[in-house]
Amino acid sequence: MQNCIFILNAGHETTTNLIGNALEILIRFPDERRRLIDNPALMKSAVEEALRYESSNQLGNRAVTQDVTIGGVSMPAGTLITIGIGAANRDPGVFPDPDRFDPQRPDNQHLGFGSGIHSCFGAPLARMETQIALTELLRRLEQPQLVVDPPPYRPSPLLRGPQQLLIAVDGVREN
């Protein structure tokens, strides 16, 4: 039962934050938003870039599996560490021009869903939900603008996402 509750909560909150973060990003970058409206096939890579640029999961806890030294700090096997996922996704040694939102970023190996044995179980569903939501929102909302900038964010060091994302639009297109 606890696993079911965990999966439901983890999948809901992080996906909600991912959609909110991605929509905020696309409002801030109208040229990229227009490119996605004109070419919805780019949405898959845009969602991956949103995961890198503004990951809804900012921290991860792990145990070191073998003795290791990083940056002059020695850690014996079993040491508990906290990983800055948001910081790793902006590492200039991995991502050229890391503070630029680039929906066509090649070889986007972000850590937004973890990796290896710690990869998110619900990642395929979250990706699909976000692609569908953004495609429809961009298709239907005319000239979205943030009402509150910046929007209020959840007070959590672990999860990043707006508490609410108030948007003004010039109109809403019908189906």
Exercise. Which members of segment 92-140 meet the condition of being farther than 20 Å from Arg28 by Cα, among the polar types (S, T, N, Q) and in contact with a helix residue (DSSP H, G or I) (Cβ under 6 Å, 6 or more places away or on another chain)?
Worked result: Asn108
Exercise. Do we have any residue at all in segment 62-75 that's part of a helix (DSSP H, G or I) and surrounded by 11 or more Cβ atoms within 10 Å (Cβ to Cβ)?
Worked result: no
Exercise. Is there a residue in segment 92-108 that is in contact with a strand residue (DSSP E or B) (Cβ under 9 Å, 6 or more places away or on another chain), in a loop (DSSP other than H, G, I, E, B) and at pLDDT below 95?
Worked result: no
For this session: Just name the residue that is surrounded by the most Cβ atoms within 10 Å (Cβ to Cβ) out of those in segment 154-173 that are of a type outside the set (Gly, Ala, Ser) and under 18 Å from Gly84 (Cα atoms).
Result: Arg160
Seminar exercise, completed: Subset of segment 63-121, residues of a type in the set (S, T, N, Q) and in contact with a Leu (Cβ under 9 Å, 6 or more places away or on another chain), comes to Thr82, Asn89, Gln104, Asn108
Exercise. If you go through segment 77-91 one residue at a time, do you hit one that is touching a helix residue (DSSP H, G or I) at 6+ places or on another chain (Cβ under 7 Å), surrounded by 14 or more Cβ atoms within 10 Å (Cβ to Cβ) and not in a strand (DSSP E or B)?
Worked result: yes
For this session: State which residue is nearest to the chain's Cα centre (by Cα) when the search covers only segment 130-145 and only residues that are touching a residue at least 40 places away in the same chain (Cβ under 8 Å) and over 16 Å from Glu32 (Cα atoms).
Result: Thr130
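For (1) in contact (Cβ under 8 Å) with a residue 12 or more places away in the chain; (2) of a type in the set (Gly, Ala, Ser), each residue gets a yes or a no:
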{"site": "Ala41", "(1), (2)": "no, yes"}
{"site": "Gly78", "(1), (2)": "yes, yes"}
{"site": "Ile81", "(1), (2)": "yes, no"}
{"site": "Val94", "(1), (2)": "yes, no"}
{"site": "Arg100", "(1), (2)": "no, no"}
Exercise. Looking only at segment 21-32, which residues are under 22 Å from Pro152 (Cα atoms) and more than 16 Å from the chain's Cα centre (by Cα)?
Worked result: Pro30
Seminar exercise, completed: Sole miss for Leu26 among (1) hydrophobic (A, V, I, L, M, F, W, C); (2) in contact (Cβ under 8 Å) with a residue 40 or more places away in the chain; (3) more than 21 Å from Pro96 (Cβ to Cβ); (4) touching a strand residue (DSSP E or B) at 6+ places or on another chain (Cβ under 7 Å) is condition (4)
Problem set entry | Failed item in (1) at pLDDT below 95; (2) loosely packed, with under 13 Cβ neighbours inside 10 Å; (3) outside any helix (DSSP H, G or I); (4) not hydrophobic (A, V, I, L, M, F, W, C), with His12 passing the rest | (3)
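The values are calculated or read from the model by the stated rules, or taken from the named source; none is laboratory data. Everything numeric here is computed off the predicted structure, so don't read it as measured data. Don't worry about glycine lacking a Cβ; one is built from the backbone with ideal geometry, like all the others, and counts go over all protein chains shown.
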